[in-house]
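To start, the structure itself, in structure tokens.
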Amino acid sequence: MQVIPAIDLERGRSRVVFWPGVSSGVGAPTDRPDRIAEHFVGLGATLIHVVDFDGARAGSPVNLEAVGAIAARIATPIQIAGGVNTADGIRLAFAAGATRALVGLAVADDPDALRACLAVAGDWLAVGLDARPERLAAFPWRRTRIPTLGELAGELVGAGVARLVLTHGGDPADLAALTDLAATVNVEILVAGGVRDLDGVRRLRDAGVGGIIIGEALLSGAIDFTAAREAAA
């Protein structure tokens with residue numbers, strides 16, 4: 001299982017200051033996304049997940065310069081979320097250096113938008129789903145009936161989506177649904193959120209997911225990246 005570092009971008013900087021030497025008191029803290037990404041790639045990260053918070057608010061990518069700086073420093077795929085719920089948004093992010101795009105439920109509920117995004121990103125498109133039934137129920141669906149998580153995943157895979165990202169899938173209460181989904185849907189499943197320790201990493205490994213996206217817990221030092229990779233093996 002992959003352990004995927006996440007960097008939240010706001011005004012060109014990481015929202016969480018990273019200090020790689022916090023446990024030993026050496027080194028210097030940084031909020032430069034390119035340096036943070038380079039650090040984790042040096043430790044073996046095979047994918048960097050970037051969230052454009054400004055882009056999510058604006059509806060199109062905003063932190064393209066920061067994405068470009070990351071791409072210039074690492075030869076590792078970059079997955080971007082935030083502001084890329086349209087084909088044009090994905091094109092802008094890819095032009096800046098991102099190589100994968102994560103879109104949200106709004107795209108999953110709009111067949112035309114989904115087809116347009118797939119036409120640009122193909123296998124490098126991921127769709128984000130919330131593993132919590134109450135959040136799925138609260139979404140303002142365009143359709144007449146609220147789909148279950150399994151139904152929605154099957155629908156997306158049938159449309160050509162090769163990757164799903166489940167938010168909050170790491171919570172113990174959601175683990176049974178996640179395990180069932182991983183066993184029944186032929187698609188790569190990544191989990192973002194809900195993991196607070198190495199036991200959580202091991203639970204997701206045993207559930208059969210392909211990767212876990214960890215942001216603040218890694219940057220704050222609450223979870224050690226190398227230890228997380230060992231737990232995920």
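Values quoted throughout were computed directly from the atomic coordinates according to the rules given, and no laboratory measurement underlies them. Every value quoted in this text rests on a predicted model; they were computed, and no experiment measured them. Neighbour counts run over all protein chains shown; Cβ positions are idealised from the backbone, glycine included.
As a proxy for reagent exposure, ranking 180, 112, 130 by other Cβ atoms within 10 Å from fewest up yields 112, 180, 130.
Among the GluC sites (Glu not before Pro) within the stretch 4-88, not one is in coil by DSSP while having at most 11 neighbouring Cβ atoms inside 10 Å. Computed from Cα positions, the angle between helix 33-42 and the longest principal axis of the chain comes to roughly 80 degrees. Averaging 1/r across all pairs of distinct Cα atoms in the stretch 2-232 and inverting the result yields a Kirkwood radius of 17.8 Å. For residue 6, the shell of other residues with beta-carbons less than 11 Å away shows a net charge of -1, using +1 for Lys and Arg and -1 for Asp and Glu. For the chain, the relative contact order is 20 percent, taking Cα pairs closer than 8 Å that sit 6 or more residues apart in sequence and dividing their mean separation by the residue count.
Between the helical axis of 111-121 and the dominant principal axis of the chain, each derived from Cα atoms, what acute angle in degrees is found, rounded to the nearest 10? Here the helix axis deviates by roughly 40 degrees.
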